[in-house]
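Chemist: Take this structure, written in structure tokens, and hold onto it; I'll ask about it next.
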Ligand SMILES: Nc1ncnc2c1ncn2[C@@H]1O[C@H](COP(=O)(O)OP(=O)(O)OP(=O)(O)O)[C@@H](O)[C@H]1O
Ligand SMILES: [Mg+2]
């Protein structure tokens, strides 16, 4: 019987190659099956991929706007989220409850409703003027969209941050306090570094959600990625299937790397292993 | 006994007081914001609360509940299949399940519904209604594709819940069951699934909340659920703030109780706790 | 009762069991010792078919465990195993944990299995805990319930994988006493343990495993008095020094 004694480099390489091959085969089977369903049930629809692909530059413009929205929204969400988490952990019950009301309200609303309420509701009462920045004009739609996105996601991030901070054992805080550290010192030197490991994977998850939610901004006519596809899909260019497939691919290209990163972080930081261990003894 | 009752009531008092303070503070904050806004925006609630408008909202609510309920059932069934595929001994099934989940999880539902309704349904050259084989009825194609899209999409999330639940039952539990001579099906039935079930129920309720929220997007295929109803009302009478605030209240009325239930279940179903 | 012939086992590329030969007679108690990672647990798990083997043969009570035609569920009714970490079912009461095997696997009536369980609970000394859940018991009590759960199937062979090493010192003896009792009743047992006192008293023979092989196997007294293998000698010195 011939067996390797150890995992050699060439073995690992072959292993990864095998996984890629497997996934490719599975993809081929899956899409083949879907295609057959199309052939079987579908009418005489003819695909127009070549025509559709010519509009990629138009998609790219939308992509740029989507990225801007996502980045600005994420920054806003992180700052608001930290604030919310700290309020949720405050020593005063009333403050905790108020922050809780904020979190629960937004988490339990569809983002669409928040967006409509912000742009059409608040937007009617509070006027924001379009402004120019780096040679680009930003319309109120854009600003309200980013605000709504940041506020909405902050309700999720607030809980993520809070769970991260709470995951650090009380004894750690007590040990730090017994050294004479002050509240913010404890937070900064002891709690946050440990909480970070717990926070990072769901943080990436929220970023993913944020990119996905940003597609709704087309409903208030922000010229982002989804709006680009919508503008292309008109009766004189009836390749809707193709346009929306391309649109989906754009989002996959943005989000899948993040999703892989999140998985990798999770395994790398040992979150899953640690939590499993806890279960073992529980 | 008497002492306990006194203790209990004083705790209740405290809770009530806290809730009261919260409500008062919230009311103050909301009223303050409201006052500021009313300086530049004339609120006309009496117009918005016209019974005709509320009837429209209630009809929208019904559609939202119907679509969400159907999609939850479809999503759970499909999700279980995908989860079993992802846990199956055959690599090709596992990989296909993985691809399905990754693809749907990573695109916005909005994009998916546009893709399904304007893309896929056109490939099938759909008319305004879709005939259902066997049952001999026709379904409004917006509802049909709405429910299909929502089910397919949610299945990718629900399958992960099922999978996590089944996998969270520790492998040693299966081994212990197998070493007693139980068959695969027996150990699933008596040992794994009862434990997995408790872990699955709370996140499944959470997913139902997500589903209700996602269903708002079905307005883009002009399905007259809650959100589209609000938009149509706004187009008739431009009471933007009022109608959207009512809309928000409707959603909260569905989702807040669900999230409370989910929270309760999570505590109640913690494994191995004596009842 | 148990015959292990030239068994090889790989985990992926890791060669864990490298040709194990072992004969255990009816009513014999064999204690298996050896360094961590030497493959003791793996051997036990192969004996009741929780792990597959790639080469060799294991026969228990005239049943070839790893033959594809063998009904493993049938075999496992004859072989009880007790794990280091108890592995009780957390969502069932103690009573249910013990009766689930007899009722669902052997299809004994609930009434009868309950009687069996009551007897066993009396025997392990905690009849009053029948309606408790596992996490309401101490470690020693949980492990005794785990033994009772295995005994309820009326097995011909009992395997123990470090049954006391997850226990607090003061609870070890209550589990070992129960095992001694079983041994005196001529139960066929294979016990992986670091409890040398138990090995000395209860074992008929002791086997020392090193690096996936059985380095030495001898009657208990001889094993401690004049170990032949160099690795055995060092191991004994180490554990006796502690
Ligand atoms: N499921 C598994 N997959 C891969 N390797 C394994 C698996 N189980 C055990 N091993 C490896 O097989 C070897 C033998 O493990 P085993 O658990 O049988 O040792 P042991 O003698 O029982 O040790 P210990 O005294 O620590 O329990 C170890 O190197 C271990 O890492
Ligand atoms: Mg071991």
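Chemist: Do we find a residue being farther than 27 Å from residue B:123 by Cα, more than 7 Å from chain B (Cβ to nearest Cβ) and in a helix (DSSP H, G or I) anywhere in region A:218-225?
Modeler: Looking through region A:218-225, at least one residue is farther than 27 Å from residue B:123 by Cα, more than 7 Å from chain B (Cβ to nearest Cβ) and in a helix (DSSP H, G or I).
Chemist: Within region B:219-242, does at least one residue satisfy the condition of being in contact with a strand residue (DSSP E or B) (Cβ under 7 Å, 6 or more places away or on another chain) and buried (at least 24 other Cβ atoms within 10 Å of the Cβ)?
Modeler: Among the residues of region B:219-242, not one is in contact with a strand residue (DSSP E or B) (Cβ under 7 Å, 6 or more places away or on another chain) and buried (at least 24 other Cβ atoms within 10 Å of the Cβ), which makes the answer no.
Chemist: Sticking with this one: Taking the criterion of being touching a helix residue (DSSP H, G or I) at 6+ places or on another chain (Cβ under 9 Å), under 27 Å from residue B:146 (Cβ atoms) and within 14 Å of chain C (Cβ to nearest Cβ), would at least one residue in region B:203-216 satisfy it?
Modeler: No, region B:203-216 contains no residue that is touching a helix residue (DSSP H, G or I) at 6+ places or on another chain (Cβ under 9 Å), under 27 Å from residue B:146 (Cβ atoms) and within 14 Å of chain C (Cβ to nearest Cβ).
Conditions tested, residue by residue: (1) within 14 Å of ligand 2 (Cβ to nearest atom); (2) more than 17 Å from residue C:203 (Cβ to Cβ).
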{"site": "C:18", "(1), (2)": "no, yes"}
{"site": "C:29", "(1), (2)": "no, no"}
{"site": "C:32", "(1), (2)": "yes, no"}
{"site": "C:35", "(1), (2)": "yes, yes"}
{"site": "C:48", "(1), (2)": "no, yes"}
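Chemist: Still on this structure, please answer the following. Restricting to region C:191-212, name every residue that is more than 14 Å from every other protein chain (Cβ to nearest Cβ), surrounded by fewer than 22 Cβ atoms within 10 Å (Cβ to Cβ), over 15 Å from the mean Cα position of the chain (by Cα) and within 16 Å of ligand 2 (Cβ to nearest atom).
Modeler: C:210
Chemist: Can you find, within region B:31-43, the residue that is surrounded by the most Cβ atoms within 10 Å (Cβ to Cβ) among those that are in a helix (DSSP H, G or I) and either modelled with pLDDT under 85 or touching a helix residue (DSSP H, G or I) at 6+ places or on another chain (Cβ under 9 Å) (or both)?
Modeler: B:37
Chemist: Considering each residue of region A:226-236, count those that are within 12 Å of chain B (Cβ to nearest Cβ) and either in contact with a strand residue (DSSP E or B) (Cβ under 6 Å, 6 or more places away or on another chain) or in a loop (DSSP other than H, G, I, E, B) (or both), and give that number. Lay out the reasoning, then the answer.
Modeler: Taking region A:226-236 first, the residues within 12 Å of chain B (Cβ to nearest Cβ) are A:226-230, A:232-235.
Applying the additional criterion that residues be either in contact with a strand residue (DSSP E or B) (Cβ under 6 Å, 6 or more places away or on another chain) or in a loop (DSSP other than H, G, I, E, B) (or both) yields A:233-235.
The number of residues fulfilling the criteria is 3.
Chemist: Of all residues in region C:185-207, which are away from ligand 1 (no atom under 16 Å from the Cβ) and either within 22 Å of residue C:98 (Cβ to Cβ) or assigned to a strand (DSSP E or B) (or both)?
Modeler: Of everything in region C:185-207, those that are away from ligand 1 (no atom under 16 Å from the Cβ) and either within 22 Å of residue C:98 (Cβ to Cβ) or assigned to a strand (DSSP E or B) (or both) turn out to be C:185, C:187, C:188, C:189, C:205.
Chemist: Let me ask you something else. Counting only residues that are more than 8 Å from ligand 1 (Cβ to nearest atom) and more than 24 Å from residue C:73 (Cα to Cα), which one in region C:7-16 is nearest to the other protein chains (Cβ to nearest Cβ)?
Modeler: Ranking the qualifying residues of region C:7-16, first place goes to C:13.
Chemist: Can you pull out the residues in region C:124-142 that are touching a residue at least 12 places away in the same chain (Cβ under 8 Å) and either within 13 Å of chain B (Cβ to nearest Cβ) or over 19 Å from the mean Cα position of the chain (by Cα) (or both)?
Modeler: Within region C:124-142, C:125, C:126, C:129, C:130, C:131, C:132, C:133, C:134, C:135, C:137, C:138, C:142 qualify.
Chemist: Out of B:163, B:178, B:198, I need the residue that is out of contact with any strand residue (DSSP E or B) (no Cβ under 9 Å at 6 or more places or on another chain) and more than 14 Å from chain A (Cβ to nearest Cβ). Which one?
Modeler: Result of the check over B:163, B:178, B:198: B:178.
Chemist: Kindly establish whether residue C:67 is farther than 29 Å from residue C:220 by Cα, away from ligand 1 (no atom under 16 Å from the Cβ), exposed (fewer than 15 other Cβ atoms within 10 Å of the Cβ) and more than 14 Å from chain B (Cβ to nearest Cβ).
Modeler: Numbers: farther than 29 Å from residue C:220 by Cα: yes; away from ligand 1 (no atom under 16 Å from the Cβ): yes; exposed (fewer than 15 other Cβ atoms within 10 Å of the Cβ): yes; more than 14 Å from chain B (Cβ to nearest Cβ): yes.
It is true that residue C:67 is farther than 29 Å from residue C:220 by Cα, away from ligand 1 (no atom under 16 Å from the Cβ), exposed (fewer than 15 other Cβ atoms within 10 Å of the Cβ) and more than 14 Å from chain B (Cβ to nearest Cβ).
Chemist: Considering only residues that are buried (at least 19 other Cβ atoms within 10 Å of the Cβ) and within 14 Å of chain B (Cβ to nearest Cβ), which ones fall in region A:74-96?
Modeler: A:87, A:88
Chemist: Another question, then. Checking the condition within 16 Å of ligand 1 (Cβ to nearest atom) and without any contact (Cβ under 8 Å) to a residue 60 or more places away in the chain, which residue from C:103, C:42, C:93 passes?
Modeler: Within the list C:103, C:42, C:93, the selection yields C:42.
Chemist: In addition: Quick check, is residue A:85 touching a helix residue (DSSP H, G or I) at 6+ places or on another chain (Cβ under 7 Å) and closer than 20 Å to residue A:148 by Cα? It would help to see each step written out before you state the result.
Modeler: Details: touching a helix residue (DSSP H, G or I) at 6+ places or on another chain (Cβ under 7 Å): yes; closer than 20 Å to residue A:148 by Cα: yes.
So residue A:85 fits the description; yes.
Chemist: I've got another one for you. Which condition breaks for residue B:254 when tested against (1) within 11 Å of chain A (Cβ to nearest Cβ); (2) not in a helix (DSSP H, G or I)?
Modeler: All conditions pass for residue B:254, except number (2).
Chemist: I'd like to know if region C:176-190 contains one or more residues that are at pLDDT below 90 and away from ligand 2 (no atom under 16 Å from the Cβ).
Modeler: Among the residues of region C:176-190, not one is at pLDDT below 90 and away from ligand 2 (no atom under 16 Å from the Cβ), which makes the answer no.
Chemist: Out of (1) surrounded by 15 or more Cβ atoms within 10 Å (Cβ to Cβ); (2) within 16 Å of ligand 2 (Cβ to nearest atom); (3) touching a residue at least 40 places away in the same chain (Cβ under 8 Å), what's the single condition that is false for residue C:158?
Modeler: Answer for residue C:158: the failing condition is (2).
Chemist: Among (1) part of a loop (DSSP other than H, G, I, E, B); (2) surrounded by 21 or more Cβ atoms within 10 Å (Cβ to Cβ), which single condition is residue C:125 missing?
Modeler: Among (1) part of a loop (DSSP other than H, G, I, E, B); (2) surrounded by 21 or more Cβ atoms within 10 Å (Cβ to Cβ), residue C:125 violates only (2).
Chemist: If you don't mind, another one. Is there a residue in region C:68-78 that is farther than 30 Å from residue C:231 by Cα, away from ligand 2 (no atom under 14 Å from the Cβ) and within 13 Å of the chain's Cα centre (by Cα)? Even if it seems obvious, please write down each step before you answer.
Modeler: Initial filter on region C:68-78 (farther than 30 Å from residue C:231 by Cα): C:68-78.
Then keep just the ones that are away from ligand 2 (no atom under 14 Å from the Cβ); that gives C:68-78.
Checking which are within 13 Å of the chain's Cα centre (by Cα) leaves us with C:76, C:78.
Checked region C:68-78: at least one residue is farther than 30 Å from residue C:231 by Cα, away from ligand 2 (no atom under 14 Å from the Cβ) and within 13 Å of the chain's Cα centre (by Cα).
Chemist: Among the residues of region B:1-30, which ones are modelled with pLDDT under 80 and within 30 Å of residue B:234 (Cα to Cα)?
Modeler: Those that are modelled with pLDDT under 80 and within 30 Å of residue B:234 (Cα to Cα): none in region B:1-30.
Chemist: If you check residue B:67 against the conditions, is it within 14 Å of another protein chain (Cβ to nearest Cβ), more than 21 Å from residue B:216 (Cβ to Cβ) and modelled with pLDDT of 90 or more?
Modeler: No.
Chemist: Can you tell me which of (1) away from ligand 2 (no atom under 16 Å from the Cβ); (2) in contact with a strand residue (DSSP E or B) (Cβ under 9 Å, 6 or more places away or on another chain) is the one residue C:163 doesn't meet?
Modeler: (1)
One line per residue, one yes/no per condition, for (1) more than 30 Å from residue A:21 (Cα to Cα); (2) surrounded by fewer than 17 Cβ atoms within 10 Å (Cβ to Cβ):
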position	(1), (2)
B:52	yes, yes
B:55	yes, yes
B:68	yes, no
B:73	yes, yes
B:82	no, no
B:87	no, yes
B:93	no, no
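The values are calculated or read from the model by the stated rules, or taken from the named source; none is laboratory data. Keep in mind that what you see is a predicted model, and the values were worked out from it rather than measured. Positions of Cβ are backbone-derived with ideal geometry, glycine not excepted, and every protein chain shown enters the neighbour counts.
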